[in-house]
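In what follows, a structure is listed as structure tokens, so that the remarks can point back to it.
The values are calculated or read from the model by the stated rules, or taken from the named source; none is laboratory data. Remember, it's a predicted structure, so these values are computed and weren't measured experimentally. A quick note on method: Cβ atoms are made from the backbone with ideal geometry, for glycine too, and the neighbour counts reach across all protein chains shown. Areas reflect the complete protein model, heavy atoms only, side chains present, ligands, DNA and RNA absent. Shrake-Rupley method; radii C 1.70, N 1.55, O 1.52, S 1.80 Å.
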Amino acid sequence: MAMMKKVRPREVFMGRLSHGDDLLEEISNICLRENIQLGWVEALGAVKKARLASYNQETHAYEFFVVDRPLEITKLAGNVSLKDGHPFIHAHITLADKAGKAYGGHLAPGTVVFACEFKLEVFDGPEIKRDFDEATGLPLWSMED
Amino acid sequence: MAMMKKVRPREVFMGRLSHGDDLLEEISNICLRENIQLGWVEALGAVKKARLASYNQETHAYEFFVVDRPLEITKLAGNVSLKDGHPFIHAHITLADKAGKAYGGHLAPGTVVFACEFKLEVFDGPEIKRDFDEATGLPLWSMED
Amino acid sequence: MAMMKKVRPREVFMGRLSHGDDLLEEISNICLRENIQLGWVEALGAVKKARLASYNQETHAYEFFVVDRPLEITKLAGNVSLKDGHPFIHAHITLADKAGKAYGGHLAPGTVVFACEFKLEVFDGPEIKRDFDEATGLPLWSMED
């Protein structure tokens, strides 16, 4: 069963990150600086190395790993919502190495930007907040009105 | 040669699916319930297992396969249009396992949601209908006015 | 540090490419024909073969390679901006073979469409132009006002 809220487009940004930025932290910084509480971000580019995570669905813990080489970002997709009262980015990323082999996972701090171009859609609308979800162990959108 | 139609943004939803949902069926249910005939959906999250397909370009048949383990959804992308008079979802998905290895394909019924967050853009505009396409054997957008 | 510009949504197109099209060239053709100078494109579908590139972050040169078999497009993501005064598409793509194995990279000419459905968002707003960037050797968005 889907639970969803209608949101209202407020503004759209296109931009890029700087060489050497931490990918996740810098997207978070944008949202904190601009007070963006609800949004969707898409990006492409390249990283010097990636730090990713996979969520262990049995132990309910993220397992982190590093792909320590240059990779193309074939896609970053993330959303912005509220967690503990602050803007929070949840992003997943797909990458590819020089042979074209693809990698992916939950984007973690420690992923270093080589170049990155993004589109960031900002929404007004009902707040969407993360709360602890018993079934998954994750901070999911509570979606209550 | 590209064929395209200008569509008018009507509304945008952000939401999540429930633990245990069939990923494709539940997105279809949203569109049937809300009478969404034209749209674009993006999502990320995780699945308990994935059922995908690859289209055989010679035999013109989908070949289905299952990746029977927990996977991150690094990206789901799909569109909503009309097929046989009803809203129809066409979605492709990229996934990654706990080692970061990426998988992908045409999303088929049988993919079980662990957690899934989506953005669904709904459009008004000229109908876009699927009709049988001789060259590919697929129900493609006819794009006639 | 992120640099970004607020852009104004002008119009949205949904459409498809034709069987046999060169994927990158045909998206470029749309933008030239419609004089689209700023935009974002997302797509899914299938290709007969893919020609991709990985950027060598040390030598500052693209290294091209071909995946010479039918593949699903699990995601194409690209943007439109100005380079040398003309609309220029920068797109990355994620693909999957019949076993579900995923590939990806920078989309190069020589990728042949089997079928491809896209959403193209067109923006008005401040020009975004590509200029040579010393640190990366790439034509990145200069983002100066």
(request) Please give the number of the condition B:Asn35 fails out of (1) free of Cβ contacts under 8 Å to residues at least 40 places away in the same chain; (2) touching a Pro at 6+ places or on another chain (Cβ under 8 Å); (3) not acidic (Asp, Glu). (result) (1)
(request) Could you tell me which residue of segment A:44-101 is surrounded by the fewest Cβ atoms within 10 Å (Cβ to Cβ), considering only residues that are polar (S, T, N, Q) and not in a strand (DSSP E or B)? (result) A:Thr59
(request) Please give the number of the condition B:Asp133 fails out of (1) within 7 Å of another protein chain (Cβ to nearest Cβ); (2) open to solvent by 10 Å² or more (accessible area, probe 1.4 Å); (3) more than 17 Å from the chain's Cα centre (by Cα). (result) (1)
(request) Check B:Asn35 against each of (1) modelled with pLDDT of 95 or more; (2) over 26 Å from C:Leu17 (Cα atoms) and name the one condition it does not meet. (result) (1)
(request) Filter segment A:19-38 down to residues that are in contact with a Leu (Cβ under 6 Å, 6 or more places away or on another chain) and not aliphatic (A, V, I, L, M) and give me whichever is surrounded by the most Cβ atoms within 10 Å (Cβ to Cβ). (result) A:Gln37
(message) For segment C:49-64, which positions are under 18 Å from the mean Cα position of the chain (by Cα) and farther than 15 Å from A:Leu71 by Cβ?
(response) C:Lys49, C:Ala50, C:Arg51, C:Ala61, C:Phe64
(message) Residue pairs, Cβ under 9 Å, 6 or more apart or interchain, first in segment B:46-75 and within 14 Å of chain A (Cβ to nearest Cβ) and touching a residue at least 40 places away in the same chain (Cβ under 8 Å), second of a type in the set (S, T, N, Q) and part of a strand (DSSP E or B). List them.
(response) B:Ala46/A:Ser54; B:Pro70/A:Ser54; B:Pro70/A:Asn56; B:Ile73/B:Thr94
(request) Kindly indicate which of C:Glu121, C:Glu117 is open to solvent by less than 10 Å² (accessible area, probe 1.4 Å), within 13 Å of chain B (Cβ to nearest Cβ) and acidic (Asp, Glu). (result) C:Glu117
(request) Among residues belonging to segment C:1-18 that are open to solvent by less than 70 Å² (accessible area, probe 1.4 Å) and part of a loop (DSSP other than H, G, I, E, B), point out the one that is modelled with the lowest pLDDT. (result) C:Ala2
(request) Just give me the residues in segment A:32-45 being under 12 Å from the mean Cα position of the chain (by Cα) and more than 10 Å from every other protein chain (Cβ to nearest Cβ), in sequence order. (result) A:Val41
